[in-house]
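Read-outs: derived from the displayed coordinates by stated rules, not from any lab. Nothing here was measured: the structure is a model prediction, and the numbers come from that model. When we count neighbours, we look across all protein chains shown, and the Cβ atoms used for this are built from the backbone with ideal geometry, even at glycine.
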Amino acid sequence: MQDCIFCKIVNKEIPAEVVYENDAVLVFKDIRPAAPVHLLLIPKKHIPTFFNLEEEDAHLLGEIHLAAVRVARGSGLEKGFRLVSNCNEDAGQLVFHIHYHLMAGRKLHWPPG
Ligand code: AMP
Ligand code: ZN
């Protein structure tokens, strides 16, 4: 999608610190980290919010979880990590291309605000 910043990262039109990539998923560092480890996991396919998910997209969510575990293992995060996604305005979604935040490296508070 033309004006989507995460599609531009997928298409290498703007730079990002990519830590993992496969056919379906891209994982890169959040530009404004809120924890010692703060990564974003996205499907390469442009899907604005969970409300736009189609049946055929269901496997992408599994791919994202598998990528999260792969990256967490590779980064020594067995003590734990948080995987969260903000859906729409009230949840604070700013980029309308589905993404999960993987946060780790410190004790994370619950519940979030
Ligand atoms: P959300 O509020 O859940 O939509 O989160 C969007 C996230 O994208 C924020 O944590 C931003 O810091 C992050 N972000 C925005 N632009 C970029 C970028 N160009 N590269 C990496 N992370 C970004
Ligand atoms: Zn996009």
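Worth pointing out:
- Partner aspartates and glutamates for residue 12 [C-alpha distance under 14 Å; skip if fewer than 8 residues away on the same chain]: 3, 21
- Value in Å of the Kirkwood radius, where the range 47-113 supplies the Cα pairs that are averaged: 13.3
- Tilt relative to the chain, helix 58-74 - C-alpha long axis, 0 to 90 degrees, to 10: 30
- Loop-located trypsin sites (Lys or Arg not before Pro) in the range 1-106 (DSSP state other than H, G, I, E, B) with a sparse environment of at most 14 neighbouring Cβ atoms within 10 Å: 12, 79, 106.
- Cβ crowding within 10 Å ranks 25, 95 as 95, 25, fewest other Cβ atoms first.
- Residue exposure sequence - 109, 38, 97 - by fewest surrounding Cβ within 10 Å: 109, 38, 97
- Listed by chain and number, the lysines whose C-alpha is less than 17 Å from the C-alpha of residue 107, apart from same-chain residues fewer than 8 away, are 79.
- Listed as lacking a disulfide-compatible partner in the chain: 87, by the criterion of no other cysteine Cβ under 4.7 Å.
- Each principal axis of the Cα atoms in the range 5-104 has its own extent, and those three values, largest first, are 34, 29, 26 angstrom.
- Sum of side-chain charges, residue 50 neighbourhood, beta-carbon under 14 Å (Lys, Arg +1; Asp, Glu -1): -4
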